[in-house]
Amino acid sequence: MKFFTILAFLANYWFPAILRAQDGPQTQAYPEPLTLKNQQFAVRASIWPKPYPLTAVAGDTVDLGTDGYPGAYAVVLTGQDSIRAPYDQRIYIPLITPTGKAMYCLRFNGVAGQFSDEYLLLDIY
């Protein structure tokens with residue numbers, strides 16, 4: 001009986017709390033597609049020292065993101081255009097490549113502890 005009481009407690013209180021602990025960012029669709037000259041594009045998050053190159057494959061979704069915190073942002077670079085997105089969002093950006101259509105999902109992960117860029121870049125050693 002004690003087992004079922006504990007199980008009932010976990011099912012009613014603990015499991016739902018875990019599921020809500022990191023509510024996902026709001027999801028949006030970018031209103032117009034980005035046209036790529038080739039299949040290459042890059043993403044640079046505010047904390048990354050340089051852009052991260054990515055390849056768009058027709059019919060596929062590229063999913064790359066970083067941890068979200070106040071002040072964080074990411075920039076999608078196509079060579080002709082760029083999009084800057086603030087943290088706490090998940091944005092689906094349609095891509096048009098020479099080989100067909102693709103999708104890029106720019107996301108920011110929910111984190112329990114949020115720290116500013118300045119704090120993360122502190123040299124403590």
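The values are calculated or read from the model by the stated rules, or taken from the named source; none is laboratory data. Note that the structure is a prediction, hence the values are computed from the model and not measured. Quick reminder, even Gly has a Cβ in these numbers, built from the backbone with ideal geometry, and neighbours come from all protein chains shown. The accessibility values were calculated without ligands, DNA or RNA, using every heavy atom of the protein model including side chains. Shrake-Rupley method; radii C 1.70, N 1.55, O 1.52, S 1.80 Å.
Computed extension length for ALA42-ILE96: 18.0 nm, one decimal, from 0.36 nm per residue of separation with the Cα-Cα distance subtracted.
With a Förster radius of 35 Å applied to the C-beta separation of THR27 and ASP123, the computed FRET efficiency comes to 0.45.
Estimated from the Cβ-Cβ distance and a Förster radius of 41 angstrom, the FRET efficiency linking ALA58 and VAL111 is about 0.80. Taking SER116, SER46 and ordering them by how much accessible surface each has at a 1.4 Å probe, largest first, produces SER116, SER46.
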